[in-house]
Amino acid sequence: NYSVIVMLTALQAQRQCSVCKQANDEYTILANSWRYYQQYSNKLFFAMVDYDEGSDVFSSMKINTAPVFMHFPAKGKPKKGDTLDIHRVGFSAEQIAKWVAERTDINIRVFRPTNYSGTLALALLFALIGGLLYLKRNNLEFLYNKTVWGGLALFVIFAMTSGQMWNHIRGPPVMHKNPSTGQINYIHGSSQGQFIAETYIVFFLNAAVVGGFVLLNEANSVKGDPGKKRILSMVGLGFVAIFFSLLLSVFRSKYQGYPYSFLFK
């Protein structure tokens, strides 16, 4: 007459599962939120199985990866929806709570420990900006520097187009390591999800492509030195061709069946 949420994981150091540690922290936050929730009851329990302490459980359920979140209902056997698709929604405490509500009709309000790191970082940033403006109070021409503002704008654009906001909302893992084969994946194999490492890769590739176009533009602006103009043109063209090809390869790996490629498959 109760439901059980189980996390199957591999937390031992020799397993080198960094994702498991992150998932365990989020799972612990959710379990504690339920334990100290006003509507706490014995209708829902949270449990955990570590591979090194319960490998027979992994074998009997034919699970060869970690972490895995499963819901065991009060009646009947688990269905497909009773396994959380962490590649699609991530494993943040809020996302797990939403999934738990869908499977059990029990809504859990997530209570996170107070974290002042974000507030402290923001305060330090404002302090640095304020100090810089104070030191430069007699010469504020740098505020009108187009290059500085252009660089800041590009940084924001790269961060948004690479999926940083998606990471902030969904809380995906840094990467995925298959505990049985040891293979590490930095690029998510589906268009419905991504890894944090993938965000940085796409960020760098986008920046490199734009850098190539900047070099091409600079080559067009060079006067009187055809050799330098030729070098800048070739380097810029190489940047655009190579890094756009890599970016297209990442796109092909996420959208299976996409027919087009350039230089790399």
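The values are calculated or read from the model by the stated rules, or taken from the named source; none is laboratory data. This structure is a prediction, so every number in the text was calculated from the model and none was measured. FYI the Cβ positions are ideal-geometry reconstructions off the backbone, even for glycines, and counts take in every protein chain you see. Heads up: the accessible areas ignore ligands, DNA and RNA and are worked out on the full protein's heavy atoms, side chains in. Shrake-Rupley method; radii C 1.70, N 1.55, O 1.52, S 1.80 Å.
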Next on the checklist: If I ask for residues that are assigned to a helix (DSSP H, G or I), free of Cβ contacts under 8 Å to residues at least 12 places away in the same chain and among the acidic types (Asp, Glu), which ones from the stretch 20-63 would you list?
Outcome noted: 25, 56
Item to check | Members of the stretch 169-181 that are part of a loop (DSSP other than H, G, I, E, B) and without any contact (Cβ under 8 Å) to a residue 12 or more places away in the chain | outcome: 181
Checklist outcome for this item: Note on the stretch 64-85: residues farther than 12 Å from residue 20 by Cα and either assigned to a loop (DSSP other than H, G, I, E, B) or of a type in the set (A, V, I, L, M, F, W, C) (or both) are 64, 70, 72, 73, 74, 75, 76, 77, 78, 79, 84, 85
Next on the checklist: Restricting to the stretch 95-106, name every residue that is free of Cβ contacts under 8 Å to residues at least 60 places away in the same chain and open to solvent by 30 Å² or more (accessible area, probe 1.4 Å).
Outcome noted: 98, 102, 105
Next on the checklist: Against the definition (in contact (Cβ under 8 Å) with a residue 40 or more places away in the chain, open to solvent by less than 70 Å² (accessible area, probe 1.4 Å) and touching a Lys or Arg at 6+ places or on another chain (Cβ under 9 Å)), how does residue 191 come out, yes or no?
Outcome noted: yes
Checklist entry - Of all residues in the stretch 115-145, which are part of a helix (DSSP H, G or I), of a type outside the set (A, V, I, L, M) and under 29 Å from the mean Cα position of the chain (by Cα)? => result 117, 118, 119, 126
Checklist entry - Any residue in the stretch 219-227 that is farther than 30 Å from residue 90 by Cα, basic (Lys, Arg) and at pLDDT below 90? => result yes
Next on the checklist: Being in a helix (DSSP H, G or I), open to solvent by 50 Å² or more (accessible area, probe 1.4 Å) and either touching a His at 6+ places or on another chain (Cβ under 7 Å) or not polar (S, T, N, Q) (or both) is the requirement here; does residue 148 meet it?
Outcome noted: yes
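Results for (1) small (Gly, Ala, Ser); (2) assigned to a helix (DSSP H, G or I); (3) within 30 Å of residue 59 (Cβ to Cβ), shown as yes or no for each residue.
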| residue | (1), (2), (3) |
| --- | --- |
| 154 | no, yes, no |
| 158 | no, yes, no |
| 194 | no, no, no |
| 201 | no, yes, no |
| 216 | no, yes, no |
| 224 | yes, no, no |
| 232 | no, yes, no |
Item to check | the stretch 3-32, residues that are surrounded by fewer than 18 Cβ atoms within 10 Å (Cβ to Cβ) and of a type in the set (Ser, Thr, Tyr) | outcome: 18, 28
Checklist entry - Among the residues of the stretch 51-76 satisfying the criterion of being hydroxyl-bearing (Ser, Thr, Tyr) and over 24 Å from the mean Cα position of the chain (by Cα), which is least open to solvent (accessible area, probe 1.4 Å)? => result 55
Checklist entry - When both residues are 6+ apart or on different chains and their Cβ atoms are under 6 Å apart, which pairs have a first residue that lies in the stretch 146-168 and is without any contact (Cβ under 8 Å) to a residue 60 or more places away in the chain, and a second that is polar (S, T, N, Q) and part of a loop (DSSP other than H, G, I, E, B)? => result 163/194
Checklist entry - Can you tell me which residues in the stretch 215-255 are out of contact with any Leu (no Cβ under 8 Å at 6 or more places or on another chain) and open to solvent by less than 60 Å² (accessible area, probe 1.4 Å)? => result 227, 238, 248, 249, 253, 254
Next on the checklist: What's the number of the only condition in (1) assigned to a loop (DSSP other than H, G, I, E, B); (2) farther than 30 Å from residue 4 by Cα that residue 107 fails to meet?
Outcome noted: (2)
